[in-house]
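S.K.: Let me begin by handing over the structure; questions about it come next.
Any read-out appearing in this document is the output of simple, stated calculations on the displayed coordinates, not a laboratory observation. Predicted model only: the values in this text are computed from it and were never measured. Here the Cβ positions follow ideal geometry from the backbone for every residue, glycine too, while neighbour counts run over all protein chains shown.
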Amino acid sequence: MVAACILAPEGPRLTPQDKARFRALDPWGFILFARNVEDPAQLSALTSDLRDSVGRDCPVLVDQEGGRVQRLRAPHWREWVPPLDQVESAGEDAARMMFLRGALIGAELRGVGIDTDCAPCADVASAATHPFLRNRCYGEAPDVVVHMARAMAAGLLAGGCLPVMKHLPGHGAATVDSHLHLPVVGEDRATLRARDFAPFAALADLPMAMTAHVVYPAFDDAAPATQSREMLHLIRGEIGFQGLVMTDDISMEALSGDLDQRTRAAIAAGCDLVLYCKGEPSECELVTAAAGPLTGQALSRAEAALAARPAGPTLDIEAAEDEFLALQQGGG
């Protein structure tokens, strides 16, 4: 039975041992990082081998936001300015440019067998937002963030990729890097609802989302959202997101306990899938066992997400690139 996790390979190629291990673990999908990427031919072979290892057309994910968080880079792929820089420089053309940006990124990914991009970021930036996140955001006002994130998600779909909205229910008010520390956001309920949670509610129809390793004491003063039943209830109820919920990387330092404890807490809280990014073989096995099989509502949501996966690009990519460059040269 398919496991309720997303795993990462260790390197750019699968060994026979890797293939046998992934066949036995049978994760729902895979995620790739710079360590897995050399050139288009190698990457296409890797994504094909990953799917062959589990015997199905499983999703293959990547973080290709543009800017600092971009796993596929020059000379083989386009380089992108950070999202916030793109939005701020584009003026009235910003939404169209974000759509085209998403379409071009999606088509590049789909060309090497990657069908899911961990974008857009619907987090609302502020002057206090930690630098690890700030220029990955799309704006400082919830309505701007919604408009730009909607355009980016639509572009990714037009380019052939599923979007994964992040970081539910809102990471923008955090002032520390959750890769290294546990952020605690002290705003009251009214502020969080009006600012941080609002974009996610407006984008609740998207097929997939990723949680934030952030504590919101106004709702739960102990557990980060990834491991909080209260916050998952809020995400499903008040925010209204009924799509597939995956954790952020379960190995990040924001979380405490061993990987078994972290994984079980996330599943118990209501996350559908656990993301483990390091690729260490024994830890892949531990996370898979702790996550358990994908069943019930989580399985139904996973099937719905895959049903929304495009077969490929649905627009003229060459024309999209020409339009993007023209807008950029015109000041966008």
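S.K.: In percent, what relative contact order does the stretch 1-75 have, based on Cα pairs under 8 Å that are 6 or more apart in sequence?
M.R.: Dividing the mean separation by the residue count of the stretch 1-75 yields 33 percent.
S.K.: Count the DSSP beta bridges whose two residues both fall in the chain, then state the antiparallel fraction as a percent rounded to the nearest 5.
M.R.: Restricted to the chain, the bridges split so that about 15 percent are antiparallel.
S.K.: Additional query: As a test of the formula, what do you get for the chain when each DSSP H run with n ≥ 4 contributes -39,500 (n - 2.57) and the sum is divided by the residue count, at 222 nm and rounded to the nearest 500 deg cm²/dmol?
M.R.: Using -39500 (n - 2.57) per qualifying helix, the result is -12000 deg cm²/dmol.
S.K.: Between A218 and A311, how many nm apart are label points set 7 Å from Cα along the C-beta direction?
M.R.: Going by the 7 Å Cα→Cβ label model, 4.6 nm.
S.K.: How do F219, F22 line up, fewest other C-beta atoms within 10 Å first?
M.R.: F219, F22
S.K.: Where in the chain are the helices, taken as whole DSSP H runs, whose Cα atoms extend 20 angstrom or more along the long axis and whose Kyte-Doolittle mean reaches at least 0.0?
M.R.: Span-like helices in the chain: 94-111, 142-159.
S.K.: Taking the Cβ of each residue in T191, T211, T247 as the centre, tally the other Cβ atoms inside 10 Å and list the residues starting with the fewest.
M.R.: Result, fewest neighbours first: T191, T211, T247.
S.K.: Sticking with this one: For every other residue with a beta carbon closer than 14 angstrom to the beta carbon of P207, add +1 if it is Lys or Arg and -1 if Asp or Glu, then tell me the sum.
M.R.: Spelling it out: positives minus negatives among the neighbours equals -1.
S.K.: Label V81 and H233 with points 7 Å out from Cα along Cα→Cβ: what is the distance between them in nm?
M.R.: In this crude spin-label approximation the distance works out to 4.5 nm.
S.K.: What relative contact order, as a whole-number percentage, does the chain give when Cα pairs under 8 Å and 6 or more residues apart are counted?
M.R.: Once normalised by length, the contact order is 19 percent.
S.K.: Can you put D63, D52 in order, fewest other beta carbons within 10 Å first?
M.R.: D52, D63
S.K.: First select every other residue whose beta carbon is under 14 angstrom from the beta carbon of M98; then total the charges, Lys and Arg +1, Asp and Glu -1.
M.R.: -3
S.K.: Once fully extended, how much extra length lies between E303 and E253, figured as 0.36 nm per residue of separation less the alpha-carbon to alpha-carbon distance?
M.R.: Full-extension gain reported as 14.9 nm.
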